[in-house]
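In what follows, a structure is listed as structure tokens, so that the remarks can point back to it.
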Amino acid sequence: MVQTAENYEIADINLADLGAQRIAWAAKEMPVLLKIRERFEREKPLQGVRMAACAHVTTETANLAITLKAGGVDCALIASNPLSTQDDVAASLVRDHGISVYAIKGESTETYLKHVEIALDSKPQIIMDDGSDVVATLVKNRPEQVKDLLGTTEETTTGIVRLKAMEKDGVLSFPAIAVNDSQTKHLFDNRYGTGQSTLDGIIRATNVLLAGKNLVVVGYGWCGRGAAMRGAGLGADVYVTEVDPVRALEARLDGFKVLPMMEAAKIGDIFITVTGNRHVIDKQHFEVMRDGAMVSNSGHFDLELNLEALAEMTTERNSVRPFAEEFKRDPQKTKVQGSVIVLGEGRLINLAAAEGHPSAVMDMSFANQALAAEHLVKNQGKLENKLQTLPEELDQEIAALKLEAMGVAIDELTPEMIEYMNSWTIGT
Ligand code: ADE
């Protein structure tokens with residue numbers, strides 16, 4: 001019998017039964033993680049390691065946390081976003097698995113920052129981060145704790161951009177594993193996970209019909225590719241805006257119309273930002289949007305939409321549905337009259353209004369996280385103090401396990417093929 005965690009801050013422990021049921025449901029779609037869990041139970045590769053994990057507290061994260069605990073970790077889990085916590089899941093982790101969770105759906109920024117401090121108070125040896133807030137806080141405010149770190153792991157594109165900036169500034173003095181850069185992470189989670197769950201979030205928040213609508217996807221990274229592909233699948237006319245010529249060209253040849261944001265702003269019915277950058281939809285764009293245009297963000301932080309600028313040109317704000325707020329624009333201050341609808345407060349719409357990426361895709365992302373933690377422990381003292389990816393063999397192993405679980409068989413290279421690949425003398 002696992003003891004209830006001693007320390008935690010969650011909405012309501014009485015929600016634990018529902019959480020337990022939903023965690024078990026998600027586990028059915030996470031065979032790779034479960035296989036790692038079985039091995040962790042036997043081998044205990046993380047025995048006694050203190051970890052601070054900052055993640056969306058979902059059924060999938062719960063399965064990761066249970067796996068890490070099976071490996072022997074002592075973990076404090078905090079929410080990586082105020083709107084993404086599933087309170088029933090947090091309750092079950094505390095009651096049924098003895099995991100210290102600090103996460104409440106709808107928590108304030110103040111509470112979030114308090115939880116970051118609590119996580120750091122646990123003197124973590126590994127930080128599993130989602131956006132790099134915990135790592136950045138440690139480096140800025142608690143430099144004396146850096147010596148305790150075996151290393152950190154980062155889940156998101158946004159967090160990796162931040163870690164690269166830290167590296168450039170010479171403050172990254174520990175190994176940091178870019179989990180997002182594993183192929184079995186970004187090719188699947190960012191593309192198929194964000195693609196499906198972003199549209200799921202928009203639909204749950206609005207019940208809008210996508211067919212026949214102009215959908216503007218801002219940014220054509222892996223998340224943008226997924227959102228555009230799934231939007232087109234639902235019958236929307238998809239428009240893409242980009243700053244990178246190669247990506248813009250790819251979007252065009254993938255069949256989407258590419259145009260500058262100023263033009264897209266005038267014709268879009270629904271907008272999705274997935275750039276990881278600041279104010280990609282700005283004042284001048286809000287001024288020209290159609291009446292009733294809906295804007296949403298699926299990038300990690302809630303800064304992609306300049307909501308301060310929108311608020312300044314607004315006379316009245318009304319909550320029109322859960323996760324949908326109408327901003328009535330002042331006709332004196334804008335070029336087009338009427339309202340703009342902001343979905344999920346401009347926070348990750350897939351996690352705010354829906355349940356995030358489906359378990360089957362998080363299976364691979366979190367297999368990478370579990371193996372990254374093991375990699376940091378196994379290679380303690382041997383890894384360079386820099387941003388790095390997991391070894392390619394681990395990526396291959398995760399893909400092979402996933403294929404096996406899906407019942408998909410593939411071929412092997414024949415000796416003749418291997419010989420050909422290793423020779424340079426055979427040509428025309
Ligand atoms: N990020 C996106 N979807 C997620 C999910 N379902 N669980 C945890 N983190 C996520």
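The values are calculated or read from the model by the stated rules, or taken from the named source; none is laboratory data. All values reported here derive from a predicted model rather than from experimental measurement. Note that each Cβ is placed from the backbone with ideal geometry, even for glycine, and that neighbours are counted across all protein chains shown. Just the protein is used for accessible areas: all its heavy atoms, side chains included, with ligands, DNA and RNA removed. Shrake-Rupley method; radii C 1.70, N 1.55, O 1.52, S 1.80 Å.
With a simple spin-label model that places each label point 7 Å from the Cα along the Cα-to-Cβ direction, the separation between Arg321 and Ser173 comes to 5.2 nm. A straight chain from Gln380 to Val161 at 0.36 nm per residue would run longer than the Cα-Cα distance by 76.4 nm. For region 161-233, the dipole from Cβ point charges (+1 on Lys and Arg, -1 on Asp and Glu) about the Cα centre works out to 200 debye, to the nearest 20. Rounded to the nearest 500, the helix-only mean residue ellipticity at 222 nm of the chain stands at -12500 deg cm²/dmol, with each DSSP H run of n ≥ 4 adding -39,500 (n - 2.57).
The stretch between Asp244 and Leu413, if pulled fully straight at 0.36 nm per residue, gains 57.2 nm over its current Cα-Cα span. About the centre of its Cα atoms, the chain shows a dipole size close to 560 debye [charges on the beta carbon of Lys, Arg (+1) and Asp, Glu (-1) only; nearest 20 debye]. Legend: calculated FRET efficiency, Gln284 to Leu187, from the Cβ-Cβ distance at R0 = 41 Å, rounded to 0.05, equals 0.75.
Work out the FRET efficiency for Arg142 and Ile426 from their Cβ-Cβ distance, taking R0 = 60 Å, and round it to the nearest 0.05.
Rounded to the nearest 0.05, the efficiency is 0.55.
Rounded to the nearest percent, how much of the accessible area of the chain (1.4 Å probe, protein heavy atoms only) is carbon and sulfur? About 52 percent, which is the carbon plus sulfur part of the accessible surface. Here is what passes the span test in the chain: the DSSP H helices with alpha carbon length of 20 Å or more along the helix axis and a Kyte-Doolittle mean of -0.5 or above are 359-378, 392-406. Between Glu392 and Ile203, full extension at 0.36 nm per residue minus the direct alpha carbon distance yields a gain of 64.3 nm.
Note that region 115-203 presents 34 Å² accessible area per residue, ligands and nucleic acids not counted, probe 1.4 Å.
Averaged over residues, the count of other Cβ atoms within 10 Å places the peptides 162-170, 401-409 in the sequence 162-170, 401-409, highest first.
Applying 1/(1 + (r/R0)^6) with r as the Cβ-Cβ distance of Thr4 and Ala405 and R0 = 41 angstrom yields a FRET efficiency of 0.80. Using Cβ point charges alone (K and R +1, D and E -1), the dipole size of region 192-272 about the Cα centre works out to roughly 120 debye. Shape class for the chain: oblate, because the ratio a/c of the largest to smallest gyration tensor axis (alpha-carbon atoms, square roots of eigenvalues) is 1.5 or more and b/c is at least a/b. Given the C-alpha centroids of region 336-377 and region 84-140, what is the distance between them in whole angstrom? So the separation of the two Cα centres works out to 16 Å. Taking every protein chain into account, the accessible area of region 294-428 amounts to 55 square angstrom per residue (probe 1.4 Å).
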